[in-house]
Amino acid sequence: MPEINPRAAEPPYRQIAAWLRGRIEAHEFRPGLDPLPSEKELVQKFGVARDTARRAVEVLRDEGLVKTIPQRGTYVIGR
């Protein structure tokens, strides 16, 4: 189970984004097929606020790694 270090220089949302990025790079999510964990799942897994989980996914979206489809989830974009 991954943990967030609240005393780290890197904010929690960036730690979660890095964890997700690592899983994307390890091909644990197939582009367009396997959704990333939902905000609710990230909140439960990491014990953070929903806004923190949302910001983590937003970082990946800003990097062009994922795309969020309303009512369906967030998916890796194929390269």
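A few remarks follow.
- Residues satisfying the criterion are absent from the stretch 61-72 (criterion: at pLDDT 95 or above, surrounded by 11 or more Cβ atoms within 10 Å (Cβ to Cβ) and small (G, A, S)).
- Count - residues of the stretch 1-22 that are more than 14 Å from R61 (Cα to Cα), open to solvent by less than 40 Å² (accessible area, probe 1.4 Å) and either in contact with a Pro (Cβ under 9 Å, 6 or more places away or on another chain) or not in a loop (DSSP other than H, G, I, E, B) (or both): 3
- Residue in the stretch 27-49 that is surrounded by 13 or more Cβ atoms within 10 Å (Cβ to Cβ), within 11 Å of V76 (Cβ to Cβ) and among the basic types (K, R) present: no
- Applying a threshold of 7 Å to beta carbon distances and a minimum spacing of six or more residues, or different chains, the list of pairs starting in the stretch 6-30 at a residue that is over 14 Å from F46 (Cβ atoms) and ending at one that is open to solvent by 50 Å² or more (accessible area, probe 1.4 Å) and in a helix (DSSP H, G or I) reads F29/R23.
The values are calculated or read from the model by the stated rules, or taken from the named source; none is laboratory data. On a predicted model such as this, the values are computed, not experimentally measured, just so you know. In this analysis, Cβ positions are derived from the backbone assuming ideal geometry, glycine residues included, and neighbour counts consider all displayed protein chains. Note: areas computed on protein heavy atoms with side chains; ligands, DNA, RNA excluded. Shrake-Rupley method; radii C 1.70, N 1.55, O 1.52, S 1.80 Å.
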